[in-house]
Each structure stands twice: as C-alpha cells, then as structure tokens.
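Beneath this line is the structure, given in structure tokens, with notes to follow.
The values are calculated or read from the model by the stated rules, or taken from the named source; none is laboratory data. Remember, predicted model here, so these are calculated numbers, not experimental data. For neighbour counting, all protein chains shown are included, and Cβ atoms are generated from backbone atoms with ideal geometry for every residue, glycine included. Heavy atoms of the whole protein, side chains included, go into the accessibility calculation; ligands, DNA and RNA do not. Shrake-Rupley method; radii C 1.70, N 1.55, O 1.52, S 1.80 Å.
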Amino acid sequence: MGSKSPAEQKRCTILDSMVDNRYRSEIPAIVDMVINSCSEKGCFDHLDAAVIPSKESLIEIIDLIKDILFPGYFGDQTVDRNTLSYHIGNEITDLFSKLSKQITNSIIQECNRYDEDCTDCIDRGQEETLKFLKKIPELRSMLASDIVATFEGDPAAKSYDEIIFSYPGIFAMTVYRSAHQLHRQGISILPRIMTEYAHSIVGIDIHPGARIGKGFFIDHGTGVVIGETCEIGDNVRIYQGVTLGSLSFPKNEKGELIRGEKRHPTIEDDVIIYSNATILGGETRIGARSVIGGNVWITKSVPPDTKVMIEEPRLIFKEKK
Amino acid sequence: MGSKSPAEQKRCTILDSMVDNRYRSEIPAIVDMVINSCSEKGCFDHLDAAVIPSKESLIEIIDLIKDILFPGYFGDQTVDRNTLSYHIGNEITDLFSKLSKQITNSIIQECNRYDEDCTDCIDRGQEETLKFLKKIPELRSMLASDIVATFEGDPAAKSYDEIIFSYPGIFAMTVYRSAHQLHRQGISILPRIMTEYAHSIVGIDIHPGARIGKGFFIDHGTGVVIGETCEIGDNVRIYQGVTLGSLSFPKNEKGELIRGEKRHPTIEDDVIIYSNATILGGETRIGARSVIGGNVWITKSVPPDTKVMIEEPRLIFKEKK
Amino acid sequence: MGSKSPAEQKRCTILDSMVDNRYRSEIPAIVDMVINSCSEKGCFDHLDAAVIPSKESLIEIIDLIKDILFPGYFGDQTVDRNTLSYHIGNEITDLFSKLSKQITNSIIQECNRYDEDCTDCIDRGQEETLKFLKKIPELRSMLASDIVATFEGDPAAKSYDEIIFSYPGIFAMTVYRSAHQLHRQGISILPRIMTEYAHSIVGIDIHPGARIGKGFFIDHGTGVVIGETCEIGDNVRIYQGVTLGSLSFPKNEKGELIRGEKRHPTIEDDVIIYSNATILGGETRIGARSVIGGNVWITKSVPPDTKVMIEEPRLIFKEKK
C-alpha cells in the first residue's frame with residue numbers, strides 16, 4: 001500500500017486479500033459477547049422454537065394467488081384456453097404445497113405460544129389450505145367487483161388491463177381479500193405478514209381482520225390505514241391518506257390493553273371518503289351514500305345521505321416581499 | 001406421528017413427505033371448479049391474448065436506464081473514462097433489446113384492445129425505442145437540473161453523490177421523466193407500469209402524463225400524488241404528502257366518466273408547496289413564485305408572488321390530569 | 001411477417017430473431033451522442049472514482065444484522081441453543097467481511113470528495129466495523145425496548161413474534177438504530193443509503209442523524225418523517241404521517257444553505273403524537289408526558305403534561321340532493 005502514489009490510493013478499490021487478520025482475530029470475542037448479552041440485558045430470540053412463516057415463501061404464495069386469480073396477466077407467456085387447465089392445475093398444486101407448509105408453521109407457532117400440544121397441526125394445515133382453495137371462485141368474483149368499481153371511479157384509468165396490472169389498490173385488495181379469508185379460518189400471524197407485505201409494497205395498511213364488502217376502490221392509496229375491527233359495506237370508495245382508526249384504547253383492571261374489541265368505524269354502502277380524511281372509533285358509523293370531504297376528522301356517527309365538509313380554514317394571502 | 005412425545009410434536013417442522021395424499025386427492029375437483037367459476041360469476045382473465053409488458057423486465061429496464069443516465073453510480077465496479085464507450089455501448093444495446101420488446105408488447109396489447117390489425121407492431125416497437133434512446137441526453141440534462149435543485153433546497157443533503165444514490169425524489173423523477181418520454185411517443189400501459197413501480201418503491205405517485213419543467217425537487221416524498229393532466233413549470237419544490245389532484249369527475253350523457261380532459265392544476269415557475277398541501281382542479285393555477293403553506297387546501301387560482309397559509313386552527317392546551 | 005394473417009399478427013409474440021438489424025445499426029451513433037452529451041449539457045457521472053456503497057450489498061448487510069439481532073426469527077430453519085454459537089459466529093464473520101467493504105467504500109468516497117489522501121481507508125474500514133459489531137448487544141437491548149413498547153401500545157398486536165416479524169415500525173427502527181450507530185462513528189453516505197432503503201420498504205423516513213431514546217413505538221408509520229437534528233426522549237409513541245421537520249432554512253452570506261445546524265424539534269420522554277401531526281423547528285420542544293393530537297401543526301414549544309388538540313374546524317353537514 002505504502003508504495004502507491006496518493007492519487008492511486010485515493011482511487012483504490014478494496015480487494016478481499018486486503019482484509020487483515022489482525023482485525024478478524026477480534027471476531028470470536030465479539031461472538032461470545034453477543035451470545036452472552038441476551039442473559040444480561042433484555043433481548044428477543046426465537047431459539048428451539050417452531051419456524052416462523054417465511055417471508056420469501058409468502059411472496060411466492062402471493063404471486064401464485066395472483067396468477068390463479070387473474071390467469072394470463074402476470075406470467076411472461078401467453079396462456080391459452082386449450083391448456084388453461086394444465087396451467088391452473090399446476091399452479092394450484094404448487095400453491096397447495098407452499099401454502100399448507102406456511103399455514104402449518106402458523107398453527108405450530110400458535111400452539112407453542114400457548115404451550116399447547118400440537119398433535120394434528122400438519123393435518124389441520126392441509127385441511128385449512130383446501131378450505132382456502134375452495135374460496136378462490138368467490139375471491140375472483142369479489143376482486144372483479146373491485147376492478148369494475150376502479151374503472152368506473154377513475155377517469156385516469158384507460159382499461160381493465162391497466163388496472164389489474166398496475167393499480168396499487170388492486171394489489172392491496174388481492175392480498176387483503178386472501179389474507180382475510182385465512183383470518184376467518186382462524187389462521188394467525190400468516191395473514192398479518194401478508195397484509196404487511198402489501199403495505200410495504202403499496203403503502204396501504206389493511207388489517208386482515210377488517211370486513212370489506214364488494215366493489216371497494218382505493219385510489220392512489222399511499223398512507224391509507226384500515227384497522228382490525230372496521231366494517232365496510234359495498235361500493236365504498238376511498239382516497240390516499242384516509243385513516244379508519246381507533247379512538248381510545250380501553251385497558252383491563254391490570255392496566256393491560258384489551259385486545260379484540262370493536263375499536264374501528266363502520267362504513268355503510270356507497271360511501272365516498274376523500275383524501276386524508278380521518279374517521280375514528282368503534283361506535284362511529286358513516287351512513288349509506290354519505291360523502292366525507294378531504295381532511296375531515298370525524299369521531300361521531302354521520303346519518304345516511306349526508307355530505308360532510310370541513311369549513312375550510314381561512315386562507316391568508318400575503319404578497320411576497 | 002403418534003409415537004412422538006408432545007414436546008417433540010410441538011417443535012416438529014414439516015417435511016415434504018408428510019404431505020398427505022388424502023388431501024392432495026381433492027385438488028383436481030378444485031381446479032375444475034376454479035376454471036369453471038369464470039363462466040358463472042364475473043371475473044377477469046387474459047387468455048389467448050398478447051402478453052402484457054413484464055414487470056420483471058421493466059425493473060431491469062429501469063436499472064439500465066439509471067446506469068446509462070448516471071454512469072458509474074450504480075454498478076459494483078469503477079467505470080473509467082477510457083472504457084466508458086464500451087460500457088455505455090453495451091448497456092444501450094441491452095436496453096434497446098429489452099425495451100423494444102416491451103414497447104412492442106404494449107403496442108400489440110393496444111391493437112388487440114381496439115381489435116385492430118397489428119401489421120407493423122414489431123417495426124414500430126423498434127422505431128419508438130430508437131426515438132427514446134435519442135432523448136437520453138435531454139433526460140440527463142433534465143435530471144441534472146433536478147439534482148442541483150435538490151442540493152440547493154435541502155440542508156440535509158451533504159453531496160450530489162448522496163442525492164443521486166439515495167434520494168427517493170430523484171428515483172421517482174428518473175422513472176417519471178423516462179416514462180413521460182414514452183407517454184409522449186404514444187406508448188400506452190408501459191409508462192403507467194413504470195411510474196406505479198416507482199410509486200411502490202418510494203411512495204411518490206406521478207402519472208406519466210403530467211408535464212413537469214426542469215429543476216423539480218420533491219423532498220421526503222411519501223404520499224405525493226401528481227395527476228395525469230398537471231402542468232408544472234420550472235424550479236418548483238414540493239414536500240411529502242402534497243396532492244395535485246382533480247376536483248370533480250365530469251360524465252358524458254351516458255353517465256360514463258369523461259377521460260382525458262384537464263382535471264389537475266397548473267403550477268407556474270418557482271412555486272414552493274409545503275407538506276400535505278392539497279391543490280385541486282383543472283382550472284386552478286398557482287402563479288409564479290408563490291408559496292403554498294403546509295396543510296393548505298386550495299381549489300381556486302392564486303396570483304403570482306403570493307404566500308398562502310391556513311389561518312391555523314386554534315390549539316387547545318389542557319393540563320393533563 | 002407479411003404472410004401472417006392479421007389475426008395471427010395480432011397475437012404474435014416477439015422473438016429475438018425478429019429484432020431487425022436495420023434498427024440496431026443506428027445504435028453506435030446513439031452511443032456516441034450519449035457519451036458526448038455530457039460535455040455539452042449539464043449532467044452527472046461518477047467516472048474514475050471510488051465505487052459508491054452498493055445497494056445490493058447493503059440489503060444483504062441489513063438482512064444479516066436482522067438475523068444477528070433477532071436469532072431464529074428470519075431464517076428458514078430452526079436455530080437451537082446448542083449450535084447457536086456456530087450460527088451467530090458464521091453470520092458475524094460474514095457481516096464483518098461485507099460491512100467492512102462498504103464502510104471502506106464510504107470512507108474512500110468521502111476522501112475523494114474532499115480530494116484528500118486515503119492512506120488508511122482500508123484499516124479504518126475494518127476498525128469501524130469492529131466498533132459497530134461491539135455495539136450489537138446495546139442495539140439488541142434498545143430494540144427489545146421498542147418491541148415491548150409496541151406490544152404495550154397497540155391493542156391489535158397479538159404477540160411479540162407478530163411484532164418482530166411483521167411490524168413496519170420495528171423494521172424501520174432496526175435499520176435506523178444500526179445506521180445511527182454508524183453515523184455516530186462518522187461514516188458518511190452508508191447510513192443514509194440504509195435509512196432510505198428502510199424508507200422505501202416501509203414509508204418511514206428517519207434520518208440517521210436523529211437521536212431517539214429507548215421504547216420508541218411507531219404505529220402504521222407510512223408518511224412519518226423524522227429530520228436529521230431531532231432529539232427524541234424515552235418511551236415516545238408516534239403514528240402514521242407525523243412530521244418532525246424543519247421550519248426555515250438559514251443561509252450564509254453567500255446565499256448558500258447552512259448545513260448541520262439544529263433545525264428539527266426536541267421531543268421529551270413519554271410524549272404521544274397522533275397521526276398526521278406536524279411539529280417543526282429546531283427550538284420547538286415538546287415537554288415530557290404531553291399528548292399532541294392528530295392533525296395538529298406546531299411551531300412553538302409546549303410545556304410538560306399538556307394535551308394539545310386542534311379546535312376542530314366546524315363540519316358542514318349537507319343533505320345530498
């Protein structure tokens with residue numbers, strides 16, 4: 001190194017051979033320290049425990065579900081009607097195998113958490129997978145209604161293909177509707193990992209516990225939050241930044257949060273909620289056909305057929321110096 | 001299975017061999033049900049149809065465009081001036097081949113949609129690709145102006161390298177400016193898939209139809225929405241959560257949305273729009289050098305050299321019990 | 001081509017052999033134009049320069065850090081206590097090798113920027129990596145406090161496993177706390193690329209320069225912005241869309257931005273900040289145990305034990321025609 005001119009040194013790239021054993025010799029002590037640190041300070045590990053559902057596998061599962069729900073859209077070759085049954089047959093077989101593994105992982109995980117026996121986890125994993133697969137026609141029909149609602153609600157949409165292929169709201173709903181089905185079957189963790197994956201891709205955070213009717217259209221979508229106990233009717237439309245959240249967090253006598261109670265609002269059929277509106281509380285109900293304006297903050301119920309706008313804050317117009 | 005102790009069972013991992021044929025035997029009936037479900041209930045498929053532009057390929061295309069626009073930044077080895085022409089030559093050849101395929105896919109897709117003949121799709125795909133490649137110097141120059149504007153507008157930016165390498169706004173603008181060029185050439189679907197990909201990465205949703213002048217700086221960016229018919233002048237700066245959206249959706253006599261009309265605002269040169277402001281409507285025009293404050297909601301035009309702030313809602317300060 | 005029926009042409013897929021040399025022959029002229037364009041028009045390149053830290057490598061580094069901080073959570077096989085030391089030993093060795101390369105790249109990059117000699121970059125790269133590795137127990141302990149705060153603050157969280165595995169806030173904090181450690185060691189660029197990667201995944205934008213105490217809980221998180229010079233105490237909780245930003249950008253006598261000054265707020269212990277609140281300015285201090293309501297916009301300090309709410313804008317309820 002010393003013989004290089006400064007100019008060369010400045011531009012040097014690092015070769016593996018330059019890694020110095022002087023430094024590497026310190027590694028074992030660090031490894032010991034890291035392993036022992038958990039006993040001294042609080043930390044989380046997951047040793048000797050069932051494998052948690054794998055994210056990589058879930059991404060494959062979601063891709064398979066998309067291919068099966070929308071045949072011919074996402075592959076890199078034309079799917080034709082003659083060989084469709086081979087195509088779908090192959091993908092459903094693959095999905096059965098991958099999904100049943102991850103559902104079983106979730107069930108074992110849950111058994112361990114309650115320290116229960118897990119005698120029929122693997123059977124139950126496969127049964128629940130079959131139950132899910134039988135719901136595919138229903139999922140297709142629900143998602144078709146979301147796509148039609150998107151086309152009818154967005155003047156920027158040029159075709160159904162564009163919507164299926166590129167709209168973030170449709171991706172979020174595909175994952176949510178699949179995860180919600182698993183949630184209804186009592187599968188834990190897995191549905192949450194699925195919707196959080198969709199959240200990370202499109203910025204739309206829908207809890208798999210929420211109940212959403214047909215023809216749901218989310219435009220743009222970044223920042224949308226739909227909480228665990230929301231109930232949403234048919235043909236509802238929402239825009240970016242809308243929060244359907246909780247208002248307060250009741251605690252039990254030990255001061256611990258009570259989990260599972262209805263904390264999020266009910267939205268009736270044909271409601272429209274414009275961008276960045278916030279609607280909070282488990283007893284808040286937005287009546288059918290109401291329109292909630294942008295930026296509105298609501299914590300009480302609204303009767304049907306009502307338009308709610310904020311009285312816009314007065315704007316101050318100043319000439320710039 | 002039955003011979004395992006409960007402790008072992010709890011910790012069991014799933015082996016492929018445990019997958020039970022009892023369950024797998026139900027798959028064929030499910031496949032039939034899925035295939036036949038489309039005739040009974042509404043659903044979307046894309047059978048016997050042209051392949052839709054591939055997202056995987058688009059990601060490669062965007063990576064190539066980034067490498068060509070910013071040579072030496074994104075690869076894993078130093079690019080030197082002597083061999084630059086081989087490097088760029090190789091990447092442009094690769095881009096030509098990948099992009100012309102996807103453009104051709106888009107053209108065929110569009111032909112099919114209108115049930116038109118597609119006699120020269122492949123030739124046109126290659127012609128449009130060349131047209132795009134010839135615009136690279138212009139794209140580099142526009143993006144350079146965006147990078148300079150970012151450095152001049154953000155005290156947290158320490159160097160141009162940091163901006164090019166890590167700023168989400170620059171990624172969004174790289175993809176948008178490329179997609180907009182394709183949009184201007186009349187290519188459909190492909191530009192939308194490109195900007196929705198950027199949207200999924202950085203949370204910034206710019207429609208490829210929007211027109212944006214040079215020196216555009218988006219800070220932080222999550223939640224930004226810029227609609228299809230926006231016109232934005234030079235040296236405009238916007239912050240996270242800003243929406244430049246539409247106000248109403250005019251319908252034709254059949255009750256269908258009218259698509260393509262100017263629905264989104266015009267922003268003149270040197271305007272600054274702070275976080276979470278919303279500006280709506282095709283006739284709304286923000287005059288040059290105006291400053292729009294955070295959280296402002298505007299649906300009418302603003303003259304040049306004006307500062308618009310909301311009269312801040314009165315805050316209630318309560319001592320906590 | 002000419003002999004195909006229109007119907008066939010409509011459905012044609014593109015074969016590589018169809019790429020026409022007529023078009024490819026134009027490529028060399030385009031390559032020359034692209035290479036020469038940089039001299040005529042403004043543009044950025046990074047030629048003959050040190051390699052910038054690689055994003056692909058950083059993703060591997062972040063995955064390794066997650067595995068080491070939370071053993072057994074993210075792999076695809078059970079980690080047991082008997083062989084834990086091999087597992088951790090192997091991952092720390094791998095992390096040392098990958099991280100020291102990228103830290104060295106960052107140091108060389110910084111040397112070049114100031115046109116300084118870079119005589120001990122590679123040694124310093126390895127020293128700084130060891131310094132980082134020794135902080136792992138502290139990082140584990142800090143992140144454990146964040147996880148506990150999340151469970152205690154969110155009634156939708158069913159278990160610690162669910163939080164570690166799927167909560168976007170925990171991912172953001174894992175990356176931020178690691179990047180902040182490197183930032184404190186004076187490493188440039190690398191920490192910013194790390195937090196911008198997390199931003200792209202979860203929509204939470206935390207600058208590595210911010211200082212954040214233990215037990216920090218971000219719920220939902222999309223749109224959160226925490227600026228470079230923020231100081232946040234212990235047990236603070238924030239929701240989606242919260243901005244802790246700067247208010248003004250002081251410039252020096254040459255009209256250039258002054259970089260590095262405290263521009264972002266101070267948040268004391270046990271503060272809660274609800275969704276979409278905006279708190280701005282380097283002298284703004286939110287006193288301990290205060291609660292900042294949703295949508296509040298604050299540019300002045302708030303005393304301890306205070307609840308701040310906006311006087312909600314009056315809502316207009318209109319019956320729909």
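Taken about its Cα centre, chain C carries a charge dipole of about 1060 debye when Lys and Arg each add +1 at the Cβ and Asp and Glu each add -1 at the Cβ.
Separation of the alpha carbons by more than 22 angstrom is noted, of C:Lys55/C:Lys262; B:Lys131/B:Lys262; C:Lys101/C:Lys131; B:Lys158/C:Lys251; B:Lys101/C:Lys55, for C:Lys55/C:Lys262; B:Lys131/B:Lys262; B:Lys101/C:Lys55. Taking the Kirkwood radius as Rh and the Cα radius of gyration as Rg, region B:210-311 has a ratio of Rg/Rh equal to 0.99.
Using the Cβ-Cβ distance between A:Glu311 and A:Asn90 with R0 = 35 Å, the FRET efficiency computed as 1/(1 + (r/R0)^6) comes to roughly 0.05. Here region B:93-170 is assigned +1 on the Cβ of each Lys and Arg and -1 on the Cβ of each Asp and Glu. Its dipole about the Cα centre then comes out at about 220 debye.
For B:Pro304, the point set 7 Å out from Cα toward Cβ sits 5.4, 5.4 nm from its twins in the other copies, listed from shortest up. Placing pseudo-labels 7 Å out from each Cα toward the beta carbon at C:Lys318 and A:Glu319 gives an inter-label distance of 3.4 nm. Could you list the residues of region C:52-79 with an amide nitrogen less than 12 Å from a label point located 7 Å from the Cα of A:Leu47 in the Cα-to-C-beta direction? Backbone N within reach: C:71-72, C:79. Calculate how steeply helix A:27-40 sits against the longest principal axis of the alpha-carbon atoms of chain A, using the helix alpha-carbon long axis, and give the answer as 0 to 90 degrees to the nearest 10. The answer is roughly 50 degrees.
When the accessible areas of C alone and A alone are added and the area of the pair subtracted, with a 1.4 Å probe, the result is around 7300 Å², both sides summed. The Cα trace of the protein assembly as shown gives Rg and Dmax of 28.0, 85 Å, the first to one decimal, the second as a whole number. A straight line joining the Cα centroids of region B:50-96 and region A:159-233 runs 34 Å.
Under the criterion of Cα pairs below 8 Å and six or more residues apart, the relative contact order for chain C equals 9 percent.
The trypsin sites (Lys or Arg not before Pro) of region A:38-88 that DSSP puts in a loop, and whose beta carbon has at most 16 other beta carbons within 10 Å, are A:Lys41, A:Arg81. Among C:Ile189, C:Val225, C:Ile279, whose Cα sits farthest toward the positive end of the charge dipole of chain C (+1 at Cβ of Lys/Arg, -1 at Cβ of Asp/Glu, about the Cα centre)? Of the options given, the answer is C:Ile279. Taking 19 Å as the straight-line reach from the Cα of C:Lys318, the aspartates and glutamates in range (excluding those fewer than 8 positions away in the same chain) are A:Glu268, A:Asp269, A:Asp270, A:Asp305, A:Glu311, A:Glu312. Starting from the Cα gyration tensor of region C:54-202, take the square roots of the eigenvalues, sort them a ≥ b ≥ c, and report rounded, prolate or oblate (rounded when a/c is under 1.5, otherwise prolate if a/b is larger than b/c, else oblate). Prolate shape, in that a/c is at least 1.5 and a/b is the bigger ratio.
For the protein assembly as shown, a crude dipole built from +1 on the beta carbon of Lys and Arg and -1 on the beta carbon of Asp and Glu, taken about the Cα centre, is about 2300 debye to the nearest 20.
Copy-to-copy label distances for C:Lys320, where each label lies 7 Å from Cα along Cα-to-Cβ, are 4.1, 4.1 nm in order of increasing length. For region B:220-321, the relative contact order is 23 percent, taking Cα pairs closer than 8 Å that sit 6 or more residues apart in sequence and dividing their mean separation by the residue count.
Between the residues C:Asn112, C:Ser97, C:Val148, the greatest Cα displacement towards the positive end of the dipole of chain C, with unit charges on the Cβ of Lys, Arg, Asp and Glu, is found for C:Val148.
Cut-off under 14 Å on the C-alpha distance; same-chain residues fewer than 8 positions from A:Lys254 excluded. Which aspartates and glutamates are left, in chain and number order? Within reach: C:Glu152. Helical content of chain C, expressed as a calculated mean residue ellipticity at 222 nm, amounts to -14000 deg cm²/dmol (DSSP H runs of 4 or more residues, -39,500 (n - 2.57) each, divided by residue number, nearest 500).
Computed extension gain for A:Arg24 through A:Lys251, at 0.36 nm per residue and net of the alpha carbon distance, reaches 76.6 nm. Inter-copy label distances for A:Arg184: 5.0, 5.0 nm (label point placed 7 Å from Cα along Cα→Cβ; shortest first).
Between 0 and 90 degrees, rounded to the nearest ten: what's the tilt of helix B:84-113 against the longest Cα principal axis of chain B? Compared with the principal axis, the helix lies near 70 degrees.
DSSP finds beta bridges in the protein assembly as shown, and of those with both partners inside it, around 20 percent are antiparallel.
A Förster distance of 30 Å, applied to the separation of the beta-carbon atoms of C:Gln185 and B:Tyr160, puts the FRET efficiency at 0.80. Measuring nothing but protein heavy atoms, the accessible surface of the protein assembly as shown at 1.4 Å probe radius is 47 percent carbon and sulfur.
The angle between the Cα long axis of helix A:136-153 and the longest principal axis of the Cα atoms of chain A comes to about 70 degrees, rounded to the nearest 10.
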